[in-house]
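Have a look at the structure below, then the notes.
The values are calculated or read from the model by the stated rules, or taken from the named source; none is laboratory data. On a predicted model such as this, the values are computed, not experimentally measured, just so you know. All Cβ positions, glycine included, derive from the backbone under ideal geometry; neighbour counts span all protein chains shown. For the accessible areas, the whole protein counts, side chains as well, though only heavy atoms, and no ligand, DNA or RNA atoms are used. Shrake-Rupley method; radii C 1.70, N 1.55, O 1.52, S 1.80 Å.
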Amino acid sequence: MPRQLTQNRIQKIWIPSKDDKPATPRRPIGGPNLANPPTVIVMVGLPARGKTYISKKLTRYLNWIGMPTKVFNVGEYRREAVKNYSSYDFFKADNEHAVKIRQQCALAALRDVKCYLTEEGGQVAVFDATNTTRTRRDMILNFGRENRFEIFFIESVCDDPSVIATNIMEVKVSCPDYQDCNKTDAMEDFQKRIECYRALYQPLDPDQYDRNMSFIKVIDVGRRFLVNRIQDHIQSKIVYYLMNIHVQPRAIYLCRHGETLYNLQGRLGGDSGLSPRGKKFSESLSRFVEKQNLTGLKVWTSQMRSSIQTAESLGVPYEQWKALNEIDAGVCEDMTYDEVRENYPEEFALRDQDKYYYRYPAGESYQDLVQRVEPVIMELERQENVLVVCHQAVMRCLLAYFLDKSAEEMPYLKCPLHAVLKLTPVAYGCKVESISLNVEAVNTHRERPEEMKKCPGILSRRNSVTPLTSPEPNIKKPRMEDLENAFQEMPSSPPSLCTSSHLNVAGQNLKRKTSNSHEIPQHCQ
Amino acid sequence: MTSHDCVIMDTAPRELTQNPLKKIWMPCRNGLPDTRISQRRVCMTNCPTLIVTVGLPARGKTYISKKLTRYLNWIGVPTKEFNVGQYRRECVKIYKSFEFFHPENEEGLKIRRQCALTALNDVRQYLRVDGGQVAVFDATNTTRERRGTITRFADQNGFKVFFVESVCEDPAVIAENIVQVKLGSPDYIDCNSEEAIDDFMKRIKCYENSYQPLDEVLDRDLSYIKIIDVGRRYLVNRVQDHIQSRIVYYLMNIHITPRAIYLCRHGESDLNVKGRIGGDSGLSSRGKEFAKCLGKFIQGQNITDLKVWTSQMKRTIQTAEAISVPYEQWKALNEIDAGVCEEMMYEEIQGHFPLEFALRDQDKYRYRYPKGESYEDLVQRLEPVIMELERQENILVICHQAVMRCLLAYFLDKSAEELPYLKCPLHTVLKLTPVAYGCKVESVCLNVEAVNTHRDKPENVDPSRMPEEALLTVPAHQ
């Protein structure tokens, strides 16, 4: 007997029900479940080859598209275990005690990987370490086999000395290991550290030893790729993503269309034109763009009148993307929030309960938006200087991607009218500058209702998984019980080259949200 | 990925007007669209691209060429393949034997070179004059010298070049290729299989000695993908732009494992019966009957590891529920959004929006419903579905009329003009099986009555037409 269907109230998904009560869907069905067994992505490469950069970026992307992913950086475990980094001697191949500690750290990280993937709802774990020897990789493969995890290697190979030097300057000299060193000393020590690995480095061998492994070899920062045995959808997407990202310096400008007539009326959706202040904003935007003096700026708009009108003022070619259209408010299109509350009180309440997953009747949810906007993100990664003129919800989605904001936060990110956000990639993250163009506009931002802040949504969190950002708020400290013993056997450390304090530097911070200074500007009008 | 439109700019902000067909906002002067903007182009790359296949015979070059061409055209990039073997057949009417390809056959070499140059001329015509965006130059192109000629040609004409090399030494694969596509080629029309295979193997030998595969060092500045052993491994070098990136992604997702794709619509819905479009209604009793029959049919097919996909609309899910197989819901498979016309009958659309109704008949592919979608939008929306379909094996997709037309057009290489009029009746399953260079289609009607929802293009598409003329082709309903 075919089961009855009821429509889940938040996501408007039809699901079979028992006894007229909707069965809770097992996961937020934004799309098909395309990655069944958990996957462990294993980074491979000498130090300063961009492994952590790739790990973090990939993780950010996967989380954003709804695939719970987390990075496990073995270096961090090592820093937990060995409080004071003395010098590159630690990494010498014949430093037996250090070798033992490093091994323990890797094992501890793998234990946490297992926990994340089997108990905490993770789908993908990125194991970020050099993993330069066959022994180490074989150990990981066994771990994968025992636990039925798919293993996918990402190897970064690069021998261009200027790239390596730049990497070291960008992310190594300021890392906790070199807290109290000057740059030259740090650079020198790090170079020697690399040498420690080089002699034992066994790159992935597609012709013989590793011919049955699934992996991608990224050569010379993406000039060339070797892809071997892609097994499934997620690996295919990862490969596509890696082939589209680049490290060229550039800036991404995000802004909304100028204030519209609907904005003034407090109405949702529609396709209205700019108000006089909105037109003024467009002119200011044009002057702003000119002053930025950018080479080869691309301008993208949606296919809605307001964003195109805004772009028209710029006097440069622009491209219209339907995918950048504002979220479809379905039956609530053209209404004010008051009218929505009046006509659809239940919908109104549900939206506040779970704004990310909530889908307007005959409309879209933020979750739908992410899926819709994903090709835009992919193309943004390929591009260099771009200005995207879009809409509130869309801009929140894009911003959440760049600033690694969770699904919870995304619908409440502040994206006021008449302000431009300039994003510049820096170290492992993104620098944000907010530029208000000093043209008055209404505030269209609705805060998370107070009651919601205190208690979780009445509609239970399903058995679904909320996409996690990486790292998490209450990060589990690497489990170091076994390391205590190892540590005690170590001879007293030589006077430190540098002393490390608490962990808190670019890319290494264990606090939630984006890396260090990149908070969303809290201004609003 | 995207058919985003490029707009060229002028001076002061221009007024905007909305193109009545596609509902695209465009700048206008004096109330009329700025004529410079009327050229809509899919802007994926700044200059035309020449894809050049490389590889010994029977390595899948033509298979890849045709498939890639089909995909690019479907996503809206005008693409055409130029198969040099075809040019050779034109030139040398009767194929005698592999001797023609012998490296010392001067006459043969001369003709083959001439054919390549003729084909390149046609490429130039297509890309510079005929509005083509991508040309696929399908030949062995196994020597560096030949590839040099092509690269120079491309440079002179401002084309980007992207090589697609197929390398395979698995004798089973090669033998299978020969059986699948060579035996039936015009070259072997008067041979029996053994003779043909024997001759073809010798033909391959003729190329082997002079084959210079793309080299990691010597060809390091070229843009290419090397496909090894039918996709087990790929080497990708210097992808230059968006279209090359998409091509690589596509090539890495296709496979040749035999499988079947079943396409059908949901069972007849309550709105179908009333002659209304869109909406999210449930199945009628006949629709439920169909769902049951579909379940039985699928069981009877004895398919290994069948995946079932539906949209997120009630009627497709209800249909899948009857099959008792796990299914996955894709929002991307939802029916075309008819915007303000949702849940209307055609008669009502004619009544309320006669102009819209006429515009739709004029250009059904590009026509976008007010606040809704066009077929063109649908294709963009469905592209990730197609990509995933390529990755999958046995699969049943339960979807909707317009969506099914789009998917079918992809598999059967139908043009944008034909697509919106493909016949996809209710209660009929299409079984697609890849064969040779294309797709075999079997239509299975499950013998459960249903309304006809297919509306042919009427004779008169002018907005000034009488309602009766507009409604002539509306199928019967309650």
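For the reader, a short list of remarks on this structure follows.
- Scanning the stretch A:238-258 for residues that are touching a strand residue (DSSP E or B) at 6+ places or on another chain (Cβ under 9 Å) and at the interface with chain B (Cβ under 10 Å from one of its Cβ atoms) gives A:VAL239, A:MET243.
- Where helices (runs of 4 or more DSSP H) fall entirely within the stretch B:263-335, those with at least 2 residues that are facing chain A (nearest Cβ under 9 Å) and either among the aliphatic types (A, V, I, L, M) or over 15 Å from B:LEU396 (Cα atoms) (or both) are at B:285-301, B:314-321.
- Only residues that are farther than 22 Å from A:VAL420 by Cα and of a type outside the set (A, V, I, L, M, F, W, C) were counted in the stretch A:242-268, giving 4.
- Residue, surrounded by the most Cβ atoms within 10 Å (Cβ to Cβ), within the stretch B:152-184, restricted to residues that are out of contact with any strand residue (DSSP E or B) (no Cβ under 6 Å at 6 or more places or on another chain) and small (Gly, Ala, Ser): B:ALA175
- Of residues in the stretch A:393-433 being hydroxyl-bearing (Ser, Thr, Tyr) and within 12 Å of the chain's Cα centre (by Cα), the one most open to solvent (accessible area, probe 1.4 Å): A:TYR428
- Residue count for the stretch B:380-403, restricted to those that are within 14 Å of another protein chain (Cβ to nearest Cβ), within 18 Å of B:ILE254 (Cβ to Cβ) and not acidic (Asp, Glu): 10
- The set of residues in the stretch A:328-376 that are open to solvent by 20 Å² or more (accessible area, probe 1.4 Å), aliphatic (A, V, I, L, M) and in a loop (DSSP other than H, G, I, E, B) comprises A:MET335, A:ALA362.
- Members of the stretch B:26-61 that are at pLDDT 90 or above, more than 11 Å from B:ILE243 (Cβ to Cβ) and not in a loop (DSSP other than H, G, I, E, B): B:LEU50, B:VAL52, B:THR53, B:VAL54, B:LYS61
- Residue check for B:THR140: in a loop (DSSP other than H, G, I, E, B), open to solvent by 20 Å² or more (accessible area, probe 1.4 Å) and under 17 Å from B:VAL54 (Cβ atoms): yes
- Filter pass, B:CYS406 being open to solvent by less than 30 Å² (accessible area, probe 1.4 Å), without any contact (Cβ under 8 Å) to a residue 40 or more places away in the chain and either within 14 Å of another protein chain (Cβ to nearest Cβ) or within 30 Å of A:ASP271 (Cα to Cα) (or both): yes
- Filter result for A:PHE281 (away from every other protein chain (no Cβ under 13 Å) and open to solvent by less than 40 Å² (accessible area, probe 1.4 Å)): no
- The residue list A:PRO16, A:PRO25, A:PRO37 contains one member that is farther than 30 Å from A:GLU146 by Cβ, surrounded by fewer than 19 Cβ atoms within 10 Å (Cβ to Cβ) and either modelled with pLDDT under 80 or under 24 Å from the mean Cα position of the chain (by Cα) (or both), which is A:PRO25.
- Among (1) over 30 Å from A:TYR85 (Cα atoms); (2) within 14 Å of chain B (Cβ to nearest Cβ); (3) open to solvent by 50 Å² or more (accessible area, probe 1.4 Å), the one test that A:ASP160 misses: (1)
- Among residues of the stretch A:413-435 that are in a loop (DSSP other than H, G, I, E, B), those with a beta-carbon under 7 Å from a residue that is at pLDDT below 95 and of a type in the set (Asp, Glu) at least six positions away or on a different chain give the pairs A:ALA427/A:GLU170.
- In the stretch B:231-250, the residues that are crowded, with 23+ Cβ neighbours inside 10 Å, outside any loop (DSSP other than H, G, I, E, B) and at the interface with another protein chain (Cβ under 8 Å from one of its Cβ atoms): B:VAL236, B:VAL248
Residues checked against (1) in a helix (DSSP H, G or I); (2) modelled with pLDDT under 95:
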| position | (1), (2) |
| --- | --- |
| B:ARG146 | yes, no |
| B:THR149 | yes, no |
| B:ARG152 | yes, no |
| B:ILE178 | yes, yes |
| B:GLY184 | no, yes |
| B:CYS191 | no, yes |
| B:ILE227 | no, no |
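- Members of the stretch A:310-326 found to be facing chain B (nearest Cβ under 7 Å), more than 27 Å from the chain's Cα centre (by Cα) and within 23 Å of A:GLU364 (Cβ to Cβ), listed by number: none
- Residues of the stretch A:199-233 satisfying the condition of being of a type in the set (Val, Ile, Thr) and either without any contact (Cβ under 8 Å) to a residue 60 or more places away in the chain or open to solvent by less than 60 Å² (accessible area, probe 1.4 Å) (or both): A:ILE216, A:VAL218, A:ILE219, A:VAL227, A:ILE230
- Among residues of the stretch A:268-301, those that are under 32 Å from the mean Cα position of the chain (by Cα) and part of a strand (DSSP E or B), counted: 4
- Scanning the stretch B:185-202 for residues being touching a residue at least 12 places away in the same chain (Cβ under 8 Å), farther than 15 Å from B:ARG89 by Cα and open to solvent by less than 80 Å² (accessible area, probe 1.4 Å) gives a total of 5.
- Between B:TYR375, B:TYR346, B:TYR365, the distinction of being modelled with pLDDT of 95 or more, away from every other protein chain (no Cβ under 14 Å), within 18 Å of the chain's Cα centre (by Cα) and within 28 Å of B:GLN18 (Cβ to Cβ) belongs to B:TYR365 only.
- Count - residues of the stretch B:409-429 that are in contact with a strand residue (DSSP E or B) (Cβ under 9 Å, 6 or more places away or on another chain) and open to solvent by less than 20 Å² (accessible area, probe 1.4 Å): 6
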